[in-house]
Each structure stands twice: as C-alpha cells, then as structure tokens.
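Sharing a structure here in structure tokens format.
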Amino acid sequence: MRFAFLLSFALLLPALAHARAWNGVEPGVTAKEEVLKRFGPPSKTLSFEGHQVLAYNGTSAIKGTAEAQFRVDPATGLVERIDVFPGPVVDRETVESSYGPPCPAAGPPAAGNCFQKKLTEDFRTYYLYPRLGMAVFFDEEGDKVKSFVFQSVKSTHTP
C-alpha cells in the first residue's frame, strides 16, 4: 500500500513547522469538514495509525490527480498531511522549475525555496523542500513523480 512507501517520509520531517497548502487545504490549519465541503464525500475512508484518512480516487479523484489522501489528526480534526499522486506525468525538470533548484552544498542557505536530495530506505530518490513542508517522491527510475507529500509537523508530535 502507498502508506508503507511514504511512512519513511513521515519520520524525516521533525523540523518542519508548517506545510505548503494544496488546492486550498493547508496541513495543520484546514479542518476535515472543509475538505468534505470542498471535495465532497471521499471514495473511501481508511484508518491509519489511529488517524482517519480521506481518500479521493477513481471517479472521485480530484482534478489532476490519480489519488489524493488527507490524513486527519483525531485530537484536533485538522488535516495534518496530504498525499497527492499526480494523474499526468510530472518530471524532475518540472518540479525544479515549479518549486526551486537544489540547495547549495556549502555556504549560506539559498534565499528562495530549494530542495535537499534524499533517499528512502528502499533507495528511491526524493526531494525535500524544507521551507515548503513538502517532499516529492520519484518512481523507481528516479525521473517521474510518484507522489507529492505536504505535511505539517508540530514540534511535540512524532508521526
């Protein structure tokens, strides 16, 4: 399941305080009710580690996606994470031109958004955009986007 692939990302974001909004939904800010109002009933509702996950796929897929998942914090009712699996093919060049280039290896941090190139436990490449609270996971070949993850991590919360 896609959760296993993305679980390693959840463990890598302890320093992020906020995440970039996606389609008007901002992790840590937007309530579950707003997601339902904006996108309607999900295709399915799942439970993952005590969190409710609203999944939109198939005929309920959100425009431009094959699937989108909104993980809801049970204590607050707020979306804490969004996993987006793009419908159209998105390549590395598009990601870099849209969100920012690699961060400098040395010297002062970049003024704008930049990514740190990382590897998952199963050696798949992903770009971590710390200032955006976003990660971009690539397919096995490392050239096409498999998923985008937007996550808000509270300083006292361990995913």
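Read the figures in this text as sums done on the coordinates, not as results from a lab. No experiment lies behind these values; they were computed from the predicted model shown. Backbone-built Cβ (ideal geometry, glycine too); neighbour counts: all protein chains shown.
Taking a threshold of 29 Å on the Cα-Cα distance, which of the pairs Lys32/Lys117; Lys37/Lys146; Lys37/Lys144 fall above it?
Lys32/Lys117; Lys37/Lys144
Okay, moving on. Stretched out fully, how many nm does the piece from Lys44 to Arg92 gain, at 0.36 nm a residue minus the Cα gap?
14.2 nm
Same structure again: With a cap of 12 neighbouring Cβ atoms within 10 Å, and only residues DSSP puts in a loop, list the trypsin sites (Lys or Arg not before Pro) found in the range 30-97.
Qualifying residues, ordered by number: Lys63.
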